[in-house]
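Remarks on the structure that follows.
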Amino acid sequence: AMEKLKAEAEAARPDRERMIAYVRQCIDGLPQCNTTIGQHMRIDVDESLKALLAGWTVEVQEAA
């Protein structure tokens, strides 16, 4: 079962790298906001996307 999981993780590597790159691009491209509400929204998106990356990184390490 472990071998199958490793093979699947390896097969998913290009997809994972593409998705991680896309999320980083989204973080880099977050628009600046001039209002308090906009700035709070921006922080929420930034934190959520970074949490997503952190979760994926943990998954990658567990699968490796």
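Assorted remarks:
- Any hit, segment 45-56, residues being surrounded by fewer than 11 Cβ atoms within 10 Å (Cβ to Cβ), among the β-branched types (Val, Ile, Thr) and without any contact (Cβ under 8 Å) to a residue 24 or more places away in the chain: no
- Listed by position, the helices (runs of 4 or more DSSP H) inside the chain whose residues that are β-branched (Val, Ile, Thr) number at least 3 are 13-28, 36-63.
- Taking residues in segment 1-17 that are in contact (Cβ under 8 Å) with a residue 40 or more places away in the chain, and partners anywhere that are part of a helix (DSSP H, G or I) and surrounded by 10 or more Cβ atoms within 10 Å (Cβ to Cβ), the pairs with Cβ atoms closer than 6 Å and at least 6 places apart or on different chains are Ala9/Ala63.
- Test: residue in segment 6-14 that is exposed (fewer than 13 other Cβ atoms within 10 Å of the Cβ), among the acidic types (Asp, Glu) and at pLDDT below 95: yes
- Out of Met19, Met41, sole residue that is surrounded by 10 or more Cβ atoms within 10 Å (Cβ to Cβ) and over 24 Å from Glu62 (Cβ atoms): Met41
The values are calculated or read from the model by the stated rules, or taken from the named source; none is laboratory data. Model, not experiment: these values are computed from the prediction. We place every Cβ from the backbone using ideal geometry, glycine too, and count neighbours over all the protein chains shown.
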